[in-house]
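Here the structure is laid out as structure tokens; the discussion comes afterwards.
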Amino acid sequence: MTVAHLQNTSNSPRPRVGSVHRFRWPLWIGLLFLLCVGLPEAALAAAHPAAPAIDFPPPLSGYQDSGASGVLEILKRRVEQQPFNLWATLLFLGAVIHTFVTHKFRHLAHVFEERHALGAAERVARGEPAGSSSWARLFHFLGEVEAVFGVWVLPLVLLITLEFGSSTAVHYINHVVNYQEAMFVVVIMAISSTRPVLALAEAALRWVAGLGGGGPTAWWFSILTIGPTLGSFITEPAAMTISAALLAKQFYHLKPRPALAYASLGLLFVNVSIGGTLTHFAAPPVLMVAGAWGWDTPFMFLHFGWKSLLSILISNGIYYLVFRKDFALLSRSEAASSATSVREASRRPVPVWITLCHLSFMAFAVLNAHNPAITVGTLLFFMAFFEVTQDHQTELQLRPAILVGFFLAALVIHGGLQAWWIAPVLGSLSEVPLMIGAVFLTAFNDNAAITFLSTLVPNLSEGMKYAVVAGAVAGGGLTVIANAPNPAGQSLLNRFFQDGVSPLRLFLGALLPTVVTTVVYLSIR
């Protein structure tokens, strides 16, 4: 955001906290990391340089579950053996509930800002600075979905430190939790949101949309059908970034009514979650089980891929029929945006060699997704290349990528302490209840965590393996935390929703495609 833009927004009749104070969020995030990691680590280096003496979190094999009758008895025993399990899950539940009320916090932020603005003129008349509302900044920060789990990491780390010592807390943060996916999402999101990549994707989808007339409906159908399937080849975060950016440009800028806006967002999230099942190497929930269970690309396409394509087409078709009158209205209003299209067309095309270099950076990042040092190095070299070719670029979108990475890093810190109850629940269900249970659990935890924990359950039959993966990917669009790429999509499209995306309305928008996908997975075996 430029200084000029900040000055312009300060003169608007209704100051928007989300625009005026966005530059402060990197400071808040840095402070959170300092409190969560930096201070405990400094204390550890000074006083307790040795590794912790206990296993934390306790391995699942270490619990004494023999003789327990039923999953409730198992969970009760595990809480008795390690009471901290209950506290960790309660904090995780608090963070989940917080994500469902973030729009309320943002609304309160706007209320406080407006109240503060009413007294600004009087303060200026008295020769005092107008200032800004601290309460508005606080509530806006608490209303940022990407910051929620980071906020709840603070009490979690504090409790670990009080219960087990700072060495255990720092060891868990630094050596137990795996941040590879979070770092990879930052890199791939930053690269895939650049002008050369988006221009290439837009050109390809423009040809497809042209077959349907090239209007908003054709763009909507093309992006939500083809875009998600890219997740099977260039990874789901990249597919989400490209699809969300194109939807913003070709669909959401026409200001569809809220019902259609939320239906499209839910459809995007579900389609991206299942669109990564055509191969075995690109979608995080599939990667977690592919090696352990010996699933390859032919297996994935035969058992999941074509069913996912069928589900995408059915869900898109149903929503088109439900909202066909809305699409007709959007087609009429498209003429109002023709000036923007003319300006875009008049821009210089991106040289082919620059586009190829961007694609090469993406491919290199994907191939080295599990090598954190190389992943970060890829981003640094890409930023240097970006500066050199700046004449053919737009602004590098690092802020959304970093916020999404922060969200995912905090999520895996919490998620790493939930295996004590998720694994027994998964292991206690038969095939159909297991699929339904996986859909439900995915809504409150990352679907990759669900599939990973299923690999720890002994003696799973082939049918149960299918059920848990099918449920995990089918439920990947119900909430922003259900699938790792979802925060990226929400970050790019959040500005089109008043007071941000409502979790409840997102859930309702994703419910129909989730049911369609679940029925397809269940009925075609």
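The values are calculated or read from the model by the stated rules, or taken from the named source; none is laboratory data. Please read all numbers here as calculations on a predicted model, not as lab measurements. As a convention, Cβ positions derive from the backbone with ideal geometry for all residues, glycine included, and neighbour counts pool all protein chains shown. For accessibility, only protein heavy atoms count, side chains too; no ligands or nucleic acids. Shrake-Rupley method; radii C 1.70, N 1.55, O 1.52, S 1.80 Å.
Computed values, structure above
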| item | result |
| --- | --- |
| Probe 1.4 Å - accessible area at Trp306, Å² to nearest ten | 100 Å² |
| Cα gyration tensor category, rounded, prolate or oblate, for the range 458-525 with a/c compared to 1.5 | prolate |
| Reach of Lys325 by Cα under 18 Å, taken over lysines that are not fewer than 8 positions away in the same chain | Lys255 |
| Mean Cβ count within 10 Å, highest first, over the residues of peptides 483-496, 154-167 | 483-496, 154-167 |
| Mean Cβ neighbour count within 10 Å, used as a protection proxy, ranking 209-217, 357-365, 275-283 highest first | 275-283, 357-365, 209-217 |
| Ordering of 510-517, 376-383 by packing [mean C-beta count within 10 Å, highest first] | 510-517, 376-383 |
| Gap separating the Cα centres of the range 261-284 and the range 79-93, nearest whole Å | 32 Å |
| Under Karplus coefficients 6.51, -1.76 and 1.60, residue-wise ³J(HN,Hα) of the range 94-106 in Hz, glycine/proline x | x, 5, 4, 4, 4, 4, 7, 10, 4, 5, 5, 5, 5 |
| Using θ = phi - 60° and Karplus 6.51 cos²θ - 1.76 cosθ + 1.60, couplings along the range 283-296 (whole Hz; Gly, Pro as x) | 8, x, x, 7, 4, 5, 10, 4, x, 5, 10, x, 8, 10 |
| Straight-distance crosslink candidates among lysines, where the alpha carbon sits under 28 Å from Lys76 and sequence neighbours closer than 8 are dropped | Lys465 |
| Sequence of Glu236, Glu395 from largest to smallest accessible area, 1.4 Å probe | Glu395, Glu236 |
| Summed residue charge, Cβ within 9 Å of Ala484's Cβ, Lys/Arg positive, Asp/Glu negative | -3 |
| Hz values of 3J(HN,Hα) by residue in the range 214-226 - Karplus curve (6.51, -1.76, 1.60), Gly and Pro given as x | x, x, x, 5, 5, 5, 4, 5, 5, 5, 7, 9, 8 |
| Sorted largest first, extent of the range 212-326 alpha carbons per principal axis (Å) | 47, 24, 23 |
| Accessible carbon and sulfur surface of the range 143-226 relative to its total accessible area, %, 1.4 Å | 67 percent |
| Amide N proximity, the range 469-507 versus Ala259 label position 7 Å along Cα-to-Cβ, cut-off under 18 Å | 498, 502, 504-507 |
| The range 162-303, relative contact order [Cα under 8 Å, separation at least 6], % | 21 percent |
| Relative contact order, percent, the range 361-491 [alpha-carbon distance under 8 Å, six or more residues apart] | 23 percent |
